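Structure first, commentary second.
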Amino acid sequence: MLAGAAIAAEEMNEYTVNLATNDTLGSYLVNQTGFALYYFMNDAPGNGTSTCMGKCIEIWPPFYAENISVSQELNASDFMNANRTDGMNQTAYKGWPLYFYIKDTKAGDVNGEGVNNVWFAATSFPPMQP
């Protein structure tokens, strides 16, 4: 069992973005060390522009990877640079800027899921804005 976990961790580190699975959420995006990536419903879908600024980024730090490599279940062309007015770098998935959550302390945590009904773990198909 431990050997299997070591292999899974090794495979995870091969990609800057990968998929993890949660019994409740199903598949969701993670970075190379297995930390969940989130999207913010207040960001406009599809345009790659972030609205999380100032104190917001202290709780929801932007995810950024200069060179995207993905597992075969994902398409690297779905990732792009997000537009930020504060000069920080950020990566977007299908136009949704991606974030970490400060209360996720280990790989596999998804403590940001559903926060204030506007923060959600980035599944492979982010929802459209209502």
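In segment 91-107, how many are touching a Gly at 6+ places or on another chain (Cβ under 9 Å) and either over 18 Å from Thr123 (Cβ atoms) or of a type in the set (A, V, I, L, M, F, W, C) (or both)?
The qualifying residues number 7.
Quick check, is Glu58 at pLDDT 95 or above, of a type in the set (Asp, Glu) and out of contact with any Phe, Trp or Tyr (no Cβ under 8 Å at 6 or more places or on another chain)?
Yes; evaluated as a whole, the condition is true for this residue.
The values are calculated or read from the model by the stated rules, or taken from the named source; none is laboratory data. Predicted model, so just to flag it, every value in this text is computed and none were measured. Because the Cβ atoms are built from the backbone with ideal geometry, glycine has one as well, and the counts that use them run over all protein chains shown.
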